[in-house]
Amino acid sequence: MLDIFNKWYKRYLFEEESVLLLVLLTIGVVLLMTIGDILAPVLAALVLAFLMQGISTQLQRQGLPQWFGVSVAYVVFVGAFFAVTLGLLPLVWRQMASLAGEMPRMLEQGRQLVGILPERYPELVSATQINELVILAKAEIAALGQAVLTRSVASIPGILTVLVYMILIPMLVFFFLKDKQKLLDWAGGFLPRERPLLRSIWNEMNLQFANYARGKVLEIIIVGAVSYVAFTWLGLNYAALLGLAVGLSVIIPYIGAALVTLPVVMVGFFQWGMSSEFYTLCAVYLIIQVLDGNVLVPLLFSEAVNLHPVAIILAVLFFGGIWGVWGVFFAIPLATMIKAIIDAWPTAVTETAEQQTQSVME
């Protein structure tokens, strides 16, 4: 056993930089699993500053001074941040409360709809089973309402935390934008001077993260806005809530679109029934999903993510489990980073082959 471990160590950890990279990865995973919630505002500010850095960089490339680019990027961020927190979120919350109040009526309408099934298909379902299903659904809705009420009463400290975050995150974003190079130089001081492996991975992942994060945010905004306009035009109830859900569904590849389809279809069905408006809603929603997958995504993501769908789903499950919403959002770039590390990781076999090739050429 020791001999096998020794061979593995000599093959993959024969360089100091390889050991350092392994230690950094281990520390990163442990921090996310243990104090990820505590670091949430810092991580959120880092991501938001990274997104805004693109605006500052573009302005500086036009010959404008750094302070001007940072100021414009920060003003754009502050405007968008408070527009969402003070404008969109209260509207979505009101629609969620209205939807919760409509649930008993929807449940009764659903009971009447499925009540005809025992008459048409007595060999498959009975009236007793339908009644048991309705009772179970009512109990679940009542438990959900009680849980929401309990959480609302118990979340007063959480509201204070949100208010602190609304002040803390804009401050952190400002300093991350203003002192970006100083912070990078400070972090680089803990690393070896010669670090070709880390530089290679950093350069590749900087491009991947920039392409994915900015593209994904634009995709969320475009898909959510188009969905909201379309639902409002059709007269669908809870248009803001459902539009936000459709926009956020693009975060989770493959799974998100399937999950958000159910509430959209259910709200449309309970509002209109099997009518022409319902079929129009389904057609419009299908067109939005098709255009998103076949037109918008290829335009926004210039760098193709060369990952198998199974790898993407596993990444979403793993990183979402240890890091919550942020883990789901960055599951694909994190999986891409792991792939880049595996591809760039030096091995003793690779080193020997390179030396042999160099000696032959000489």
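Taking A245 as the residue in question, decide whether it is under 20 Å from the mean Cα position of the chain (by Cα) and more than 22 Å from M337 (Cα to Cα). When the stated conditions are applied, A245 passes them. Number of residues in the range 85-119 that are modelled with pLDDT of 75 or more and over 19 Å from F270 (Cα atoms) equals 10. Among the residues of the range 42-92, those identified as closer than 15 Å to M166 by Cα, of a type outside the set (A, V, I, L, M) and surrounded by 17 or more Cβ atoms within 10 Å (Cβ to Cβ) are Y74, F77. Restricted to the range 41-70, and to residues there that are farther than 24 Å from K216 by Cα and in a helix (DSSP H, G or I), the residue that is modelled with the highest pLDDT is F68.
The values are calculated or read from the model by the stated rules, or taken from the named source; none is laboratory data. Here the structure is a predicted model, which is why all the values come from computation and not from measurement. Cβ sites come from the backbone with ideal geometry, for glycine too, and all protein chains shown count toward neighbours.
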